[in-house]
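The values are calculated or read from the model by the stated rules, or taken from the named source; none is laboratory data. Just so it is clear, the structure is predicted and the values come from calculations on it, not from any experiment. Because the Cβ atoms are built from the backbone with ideal geometry, glycine has one as well, and the counts that use them run over all protein chains shown. Heavy atoms of the whole protein, side chains included, go into the accessibility calculation; ligands, DNA and RNA do not. Shrake-Rupley method; radii C 1.70, N 1.55, O 1.52, S 1.80 Å.
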Amino acid sequence: MVVINMEAYLDNAATTKVSDRVAEIVKKTMSVDYGNPSSKHNKGFDAEQYVKAATNIIADSLKVQPKEIIFTSGGTESNNMALIGAALANKRKGNHIISSGFEHASVYNPLLSLEDFGFKIDFAPVDEKGHIKTEELLKLISDETIIVSIMYVNNEVGAVQNIAGLSKAIKAKKNDLIFHVDAIQAYGKYRIFPKKEGIDMLSVSGHKINGPKGSGFLYVDEKVKVRPLIFGGGQQKNRRSGTENVPAIAGIGEAVKEFYENHEEKINRLYDLKKHMLERIPEVPGTHVNAASLDSLREAAPHIVSVSFDKIKSEVLLHALEEKGICVSSGSACSSNHPGISSTLTAIGVKKELLDSTLRFSFSVNTTIEEIDYCIDTLKELVPIYSRFSRR
């Protein structure tokens, strides 16, 4: 029997623990205020108030209009709705879409599906730090380009894009472009203001910020046309039909409210955690940190550290850590059912022999220094042992 002295959950980019406040409001909307928000009686009215309250909280966090928020089942649906919905609604203007070379599967795969509808898709390259090569992206823009989609924070290595700068550059090249941003790993970690940053559509997931799984939203500027993907009863102003998931909506609203309370203090603490890990990881032999360093700590996201290990397959080390009560990831959790070489690591130029030897460590507001120390001390114990059994 394996005895685990303690646990360390360091996979918060995959999902976060639901906060107590969120759990309470989700429970209340399931067991007390459980009405259908479209119903005309008091139960329906009470449920509708949760939807309105969450809409206002989210709109205020972005400084946008409440009518520009569409609730979805999460980040994947938000990205699909943004890309497929906007492409189909604007196809008379052109058939060309540009994204980057290391987007999440919920962007990459919908884009590939659009090729079946006659759309042409191009992917702009990134440098070794995971930053878009702006000049290369601009060269791809043509008269047929209708959408550019770039993620705010990369989910595997934490690289952060200069979104405002990219928007300004691409719209100077073609001013009627629709600029979509996958902010699933960025929202909550940064204060994002779409109107100021030139963002036309923004995708967000609730379970990355201590909200419930199955919650998310898409911001769509009122000037942007997006075709619905789900038809039915005309809920959400005909943009996404189906009875609103009030518990999820109330939960993400409460999560947003809570996450942005004492926001600067929370983010500083995340950076302190990241700094501590970056300071200690060199104690583990044969490690390589990807797209981040102590010298440029705040140039990357505060909650993600990507580390490659010499001579050890990531899956082997992941399960060895799991046996010690440490939860990490070998990449994007959403791609775990389709294992393969990471397009992100390939795009930033990680050495071939390290592509399947990389782990992602990610933190939340609940992470402690003790968890990181336990993880590092365990790696110091495990890595020399497993590196002896190199398959190379």
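In region 108-126, of all residues being touching a strand residue (DSSP E or B) at 6+ places or on another chain (Cβ under 9 Å) and not aliphatic (A, V, I, L, M), the one that is nearest to residue 290 (Cα to Cα) corresponds to 125. Evaluation of residue 223 against the conditions (1) open to solvent by less than 30 Å² (accessible area, probe 1.4 Å); (2) out of contact with any Pro (no Cβ under 8 Å at 6 or more places or on another chain); (3) closer than 23 Å to residue 110 by Cα shows that the sole unmet condition is (1).
Between 169, 164, the distinction of being in a helix (DSSP H, G or I) and either touching a His at 6+ places or on another chain (Cβ under 9 Å) or exposed (fewer than 15 other Cβ atoms within 10 Å of the Cβ) (or both) belongs to 164 only.
Within region 14-69, the set of residues being open to solvent by less than 60 Å² (accessible area, probe 1.4 Å), assigned to a helix (DSSP H, G or I) and under 23 Å from residue 364 (Cα atoms) comprises 22, 23, 25, 26, 54, 57, 58, 61, 62.
Criterion first (buried (at least 21 other Cβ atoms within 10 Å of the Cβ) and under 22 Å from residue 192 (Cβ atoms)) does residue 87 satisfy it? Spelling it out, it is not the case that residue 87 is buried (at least 21 other Cβ atoms within 10 Å of the Cβ) and under 22 Å from residue 192 (Cβ atoms).
Suppose the filter is open to solvent by less than 30 Å² (accessible area, probe 1.4 Å), under 23 Å from residue 91 (Cα atoms) and more than 15 Å from the chain's Cα centre (by Cα); does residue 251 pass it?
no
Looking at this structure, is residue 32 hydrophobic (A, V, I, L, M, F, W, C), without any contact (Cβ under 8 Å) to a residue 60 or more places away in the chain and not assigned by TED's automatic domain parsing to the domain that holds residue 376? So residue 32 fits the description; yes. Of all the listed residues (192, 178, 184), the sole one being within 20 Å of residue 85 (Cβ to Cβ), among the β-branched types (Val, Ile, Thr) and touching a Phe, Trp or Tyr at 6+ places or on another chain (Cβ under 9 Å) is 184. Within the set 300, 347, the sole residue that is at pLDDT 95 or above and not hydroxyl-bearing (Ser, Thr, Tyr) turns out to be 300. Taking the stated definitions as given, is residue 270 open to solvent by 10 Å² or more (accessible area, probe 1.4 Å) and hydrophobic (A, V, I, L, M, F, W, C)? Against the criterion (open to solvent by 10 Å² or more (accessible area, probe 1.4 Å) and hydrophobic (A, V, I, L, M, F, W, C)), residue 270 does not qualify.
Give the residues of region 273-299 that are under 25 Å from the mean Cα position of the chain (by Cα), surrounded by 13 or more Cβ atoms within 10 Å (Cβ to Cβ) and assigned to a helix (DSSP H, G or I), sorted by residue number.
273, 274, 275, 276, 277, 278, 281, 297, 299
Answer yes if at least one residue in region 103-117 is free of Cβ contacts under 8 Å to residues at least 12 places away in the same chain, among the aromatic types (Phe, Trp, Tyr), assigned to a helix (DSSP H, G or I) and open to solvent by 10 Å² or more (accessible area, probe 1.4 Å), and no otherwise. Scanning region 103-117, I find no residue that is free of Cβ contacts under 8 Å to residues at least 12 places away in the same chain, among the aromatic types (Phe, Trp, Tyr), assigned to a helix (DSSP H, G or I) and open to solvent by 10 Å² or more (accessible area, probe 1.4 Å), so the answer is no.
Considering (1) in the same structural domain as residue 107 (by TED's automatic domain parsing); (2) open to solvent by 10 Å² or more (accessible area, probe 1.4 Å); (3) in contact with a Ser or Thr (Cβ under 7 Å, 6 or more places away or on another chain), the lone condition that residue 217 does not fulfil carries the number (2). Taken as a whole, the structure places residue 233 among residues that are assigned to a loop (DSSP other than H, G, I, E, B) and in contact (Cβ under 8 Å) with a residue 40 or more places away in the chain.
Is it fair to say residue 228 is assigned to a loop (DSSP other than H, G, I, E, B) and outside the structural domain of residue 64 (by TED's automatic domain parsing)? For residue 228, the condition - assigned to a loop (DSSP other than H, G, I, E, B) and outside the structural domain of residue 64 (by TED's automatic domain parsing) - is not met.
Per the conditions (1) at pLDDT below 95; (2) in contact with a Cys (Cβ under 9 Å, 6 or more places away or on another chain), the sole criterion not satisfied by residue 75 is (1).
Which ones in region 70-100 are among the hydrophobic types (A, V, I, L, M, F, W, C) and part of a strand (DSSP E or B)? Within region 70-100, 70, 71, 97, 98 meet the criteria.
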